1. Which whole-number percent gives the relative contact order of the chain, counting Cα pairs below 8 Å spaced six or more residues apart?
2. Once label points are set 7 Å from the Cα along Cα→Cβ at both Arg71 and Asp197, what is their separation, rounded to one decimal in nm?
3. Can you grab the distance from the C-alpha centre of the stretch 140-186 to the C-alpha centre of the stretch 199-218, Å, no decimals?
4. Arrange Lys213, Lys237, Lys183 by Cβ neighbour counts within 10 Å, fewest through most, would you?
5. About the Cα centre of the stretch 29-106, what is the dipole size in debye to 20, counting +1 per Lys and Arg Cβ and -1 per Asp and Glu Cβ, all else neutral?
6. Can you put Leu10, Leu210, Leu50, Leu70 in order, fewest other beta carbons within 10 Å first?
7. If we count every other residue with Cβ under 9 angstrom of His130's Cβ, Lys/Arg +1 and Asp/Glu -1, where does the sum land?
8. Output needed: percent of Cα pairs per 5 Å distance bin for the stretch 29-106, bins running from 0 to the one holding the longest distance.
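Rule-based calculations on the coordinates, nothing more; no lab input. The structure displayed is predicted, hence computed values, not measured ones. Note: ideal-geometry Cβ built from the backbone for every residue, glycine included; neighbour counts use all protein chains shown.
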Amino acid sequence: MSDGTRRVDLWRWCGCQSRADTDVVVEECAIALSYNGVAHAVMMATPIDLEDYALGYSLSEGIIGAAGELRFVEALRRDDGIVLELAIPQMRFEALASRTRRTFGNSACGLCGSEALLEALRPTPEVTAHVADPAYIVVALARFAERQRLNIATGGAHAAAWCVDDEVRMLREDVGRHNAFDKLVGALARAGIDARDGYAIVSSRASYELVHKAATAGIGALVAMSAPTSAAVDGAKRCGLRLIGFARDGAMNVYTNPDFAENE
């Protein structure tokens, strides 16, 4: 039984020194909800308290009207995630079946259109791990904070930036970290900028979705100010992206492709 965490290997870099270490990251996986044997939604979530999750989701989405209408059948572990088999009254099931919308939701903001675990964990394009001197990243992080005008004014916005060496070349903000990243990718495309020439910084944790968005845009390194999830680490390893977390206060953790940090 999962406790919602995963231990992963990393390289710690600080003051031009680095060392191998381990860290604990929150677990993130695809969880499919199936009602009366029919797949309805796939969400990216932490696989603990699944019965509570199934009931809360079913009530909040109006799939059932009372707790007693849901029966948790079983949780089936798959290679690509977990399937929750749920049973609801026939009348409720018929109402659910009449809906045309299928839902895939990530761990923060929601995406739609996926009915299967494989769709949720869609293949991530391979990228070349971008090399950026950690000292440059430290400087870029300071400039990154200074450039967040919306967040400075409100304290409630996330930001995503595209950087080259220690320069923040492009930055976009939004209340949602995924929205901010989408805006950044759009701005780079409109400007005709080759995103492979730089790396990205995000003001949030690094989730699977952000790794996928970065790789899809051709960005070979993602620097997050907070923690990565297990799925983000796994996805970065598969596609070749350099994933950095807890990048703040002059230090950072390099979770994948740490070859630039192996200077003892």
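1. The value is 19 percent.
2. Simple spin-label model gives 6.3 nm for this pair.
3. 12 Å
4. Ranked by crowding around the Cβ, least crowded first: Lys237, Lys183, Lys213.
5. Numbers: 7 positive and 10 negative charges, 59 e Å.
Using Cβ point charges on Lys, Arg, Asp and Glu, the stretch 29-106 gives about 280 debye.
6. Fewest to most other Cβ atoms nearby, the residues stand as Leu50, Leu70, Leu10, Leu210.
7. Numbers: positive: Arg196, Arg242; negative: Asp197.
Cβ neighbours under 9 Å give a net charge of +1.
8. P(r) for the stretch 29-106, in whole percents per bin: 3, 16, 31, 28, 16, 6, 1.
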